[in-house]
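*Asks:* What follows is a single structure, and I will ask about it in a moment.
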Amino acid sequence: MKIVTILGARPQFIKAGTVSREIAKYDEIEEVIVHTGQHYDANMSDVFFYEMHIPKPNYFLDINGLGHGAMTGQMLEKIEEVLLKEKPDWVMVYGDTNSTLAGSLAASKLHIKIAHIEAGLRSFNMKMPEEINRILVDRISTILFCPTDTAIENLTNEGYDDLDIKVVKSGDVMQDGAMFYKDLSVKPNCEIAENYILCTIHRAENTDDEQRLREIFEALNEIAKEKQIILPLHPRTKKIIADLGIDVAALTIIEPIGYLEMVWLITNCDMVMTDSGGLQKEAFFFEKPCITLRDETEWVELVDNGFNVLVGANKEKIISTYMNQQFNSDFNIDLYGMGQASKMIVEQLIK
Ligand code: UD1
C-alpha cells in the first residue's frame with residue numbers, strides 16, 4: 001500500500017511525526033512525503049523533521065509567501081503532478097491549512113482515496129480560512145478520522161450519516177505525540193522566571209485586525225507587569241506588529257521554537273494564552289489552564305469542562321479572566337483518546 005502524505009505547516013509536522021512513526025512499523029506500507037513549502041523557515045519546519053525523526057520529504061514544492069488563491073492554486077498544480085507520478089492508494093492530509101485543501105482537491109479529481117486526520121472540527125466562523133478548508137476537505141474525503149465526539153456530532157448534523165464517507169472516532173494524534181515526547185523536552189535558551197505565562201498569537205482573525213491585535217497586546221503588557229509572558233513569535237505576527245509599531249518591550253519575545261522546547265515551556269508554565277488550536281489542547285494534555293484569544297473554538301469540550309476560557313480580543317476580559325483564575329483543575333477526564341489515535345488510523349487504512 002502506498003500513502004502520499006501532504007504536509008506544509010508547522011502543526012502538520014507535529015501530527016505527522018507520530019503517525020509516520022506508526023506507519024514505519026508496517027513493512028507493507030510505503031509512505032511518500034510531500035512538503036508544500038508553506039512553512040519554510042528552519043525553525044518553522046526543519047527543526048520538527050529533525051527532532052521528531054520524521055522522514056525527509058520526498059518532494060519539497062517550495063510554495064510560500066503568496067495569497068490564498070495563488071498559494072492553493074500552485075500547490076494544486078504541483079501536487080497533481082506528484083500524484084500522477086506516484087499513483088498512491090491513499091492521500092493523507094492533516095487539519096485545515098491551505099496545504100490540506102490543495103492536497104485533497106488534487107487527489108479527489110484523480111479519484112485517489114483521501115484520509116483526513118483531524119476531521120469534523122468546526123468553529124462555525126466562515127470568515128476563517130481554516131473553516132472553509134475543513135468543510136471542503138471533509139466533504140471530498142474517503143475516510144474521516146475524528147479526534148472528538150463533538151467532531152462526530154458536527155458531521156452527523158451536516159448529514160454525513162447519509163454520505164458514502166466513512167467516519168471514525170480515532171482520538172487525537174496530538175495526544176499521542178504529547179505522551180511520547182513529554183519526557184524528551186528541552187529547556188529553551190532564554191530568560192525564564194520561576195512563574196510565567198506561555199503565549200502564542202498568529203491567527204489571521206487577530207493579526208489581520210489592527211483593533212484586535214492592539215487590544216490583545218495592551219492586555220498582555222498589563223499582565224506582564226506582574227508575571228513574565230514568554231511569546232515565541234510566529235513570522236506572520238512578527239511582521240505585523242513591526243509594521244504597526246506595537247509595543248512589546250514588556251514581553252519576553254523569542255523566535256519560534258521546536259516541539260521539544262515547546263513541550264518544556266508548556267510543562268513548566270503557570271498558564272497558556274493563545275489563539276492556536278493545537279496549543280489549547282496541549283495546555284490540557286499538560287494540565288495547565290488556558291485563556292483562548294478567540295471568539296470561538298473547535299475544541300469546545302475544553303471550554304465546556306472549564307479548562308479553557310474564551311476571551312476574544314477584549315482587553316478587559318483578558319485581564320479579568322487572568323485575575324479571576326477560575327479554571328477546572330481536575331484533569332482526570334478522557335477527551336482526546338488515550339494516545340492510540342495513530343495506531344487506530346493506520347490499522348483502519350490497512351483494513
Ligand atoms: C497557517 C495556517 C493555519 C495554521 C498555521 C500554523 C492556512 C490558511 N493557515 O497560517 O491554519 O494554524 O499555518 O502556523 O493554511 N512565513 C514565514 N516563514 C515560515 C512560514 C510562514 O516567514 O516559515 C510567513 C509567510 O510567508 C506569510 C506568513 O508568514 O507571509 C503567514 O504564513 P501562512 O502560511 O500564509 O499562514 P499562517 O499564519 O502560518
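*Asks:* Pop a pseudo-label 7 angstrom from the Cα along the beta-carbon direction at both K238 and M1 and give the gap in nm to one decimal.
*Replies:* According to this spin-label approximation, the distance is 4.0 nm.
*Asks:* Okay, moving on. Placing +1 on the Cβ of each Lys and Arg and -1 on the Cβ of each Asp and Glu in segment 196-324, which of A283, H234, T252 has its Cα farthest towards the positive end of the resulting dipole?
*Replies:* Positive-end residue among those listed: T252.
*Asks:* For the chain, modelled as a Gaussian network with Cα springs under 10 Å, which listed residue fluctuates most, G67, G37, G312?
*Replies:* Result for the chain, Cα springs under 10 Å: G67 fluctuates most.
*Asks:* To test your reading of the geometry: what angle, between 0 and 90 degrees and rounded to tens, separates the Cα axis of helix 68-86 from the longest principal axis of the chain?
*Replies:* Its long axis makes an angle of about 40 degrees.
*Asks:* Find how much the distance from K113 to E226 grows on full extension, using 0.36 nm per residue of separation minus their present alpha carbon separation; answer in nm with one decimal. Don't skip to the end; give the middle numbers.
*Replies:* On the way: separation 113, 0.36 × 113 = 40.68 nm, distance 5.27 nm.
So the extension gain works out to 35.4 nm.
*Asks:* Okay, moving on. Computing the accessible area with a 1.4 Å probe over protein heavy atoms, can you report the carbon and sulfur percentage for the chain? Write out the running numbers ahead of the final one.
*Replies:* Details: 7350 of 15000 Å².
Reported share for carbon and sulfur atoms: 49 percent.
*Asks:* Quick one: helix 10-23 against the long Cα principal axis of the chain, what's the angle to the nearest 10°, folded into 0 to 90?
*Replies:* 50
*Asks:* Another question about this same structure. Estimate the FRET efficiency between E28 and D334 by the formula 1/(1 + (r/R0)^6), using the beta-carbon distance for r and 30 Å for R0, to the nearest 0.05. Could you put the intermediate results ahead of the total?
*Replies:* Numbers: r = 31 Å, r/R0 = 1.04.
For E28 and D334, the calculated efficiency is 0.45.
*Asks:* Could I ask something else about it? Run the quick spin-label model on D247 and C190: label points 7 Å from Cα toward the beta carbon, then report their separation in nm to one decimal.
*Replies:* Result for the modelled spin labels: 2.0 nm.
*Asks:* Right, another one. For the chain, take the longest principal axis of its alpha carbons; what is the angle in degrees between that and the long axis of helix 210-223, to the nearest 10 within 0 to 90?
*Replies:* Result, in degrees: 50.
*Asks:* Give me the 1.4 Å probe accessible area per residue for the chain, excluding ligands and nucleic acids, in Å². Numbers along the way, then the final one.
*Replies:* Numbers: 15000 Å² over 351 residues.
Counting only protein heavy atoms, the per-residue value for the chain is 43 Å².
*Asks:* For the chain, what is the mean residue ellipticity at 222 nm derived from helices alone (per DSSP H run of n ≥ 4: -39500 (n - 2.57); sum divided by total residues; nearest 500 deg cm²/dmol)? Spell out each step's value before the answer.
*Replies:* On the way: 15 runs with 153 residues, N = 351.
Here the helix-only value at 222 nm equals -13000 deg cm²/dmol.
*Asks:* Compute, for the chain, the length of the dipole vector about the Cα centre, with Cβ point charges of +1 (Lys, Arg) and -1 (Asp, Glu) only. Units Debye, rounded to 20. Display every interim value, and only then the final one.
*Replies:* Working: 34 positive and 55 negative charges, 113 e Å.
Dipole magnitude for the chain comes out near 540 debye.
*Asks:* Right, another one. Please work out the C-alpha center-to-center distance from segment 38-79 to segment 275-351 and express it in whole Å.
*Replies:* For segment 38-79 versus segment 275-351, the Cα centre distance is 27 Å.
*Asks:* If one computes the Cα centroid of segment 187-204 and of segment 227-268, what distance in Å separates the two points?
*Replies:* 6
The values are calculated or read from the model by the stated rules, or taken from the named source; none is laboratory data. These figures come from a predicted structure and were not determined experimentally. Note: ideal-geometry Cβ built from the backbone for every residue, glycine included; neighbour counts use all protein chains shown. When the accessible area is computed, the model is the full protein with side chains, heavy atoms only, and any ligands, DNA or RNA have been set aside. Shrake-Rupley method; radii C 1.70, N 1.55, O 1.52, S 1.80 Å.
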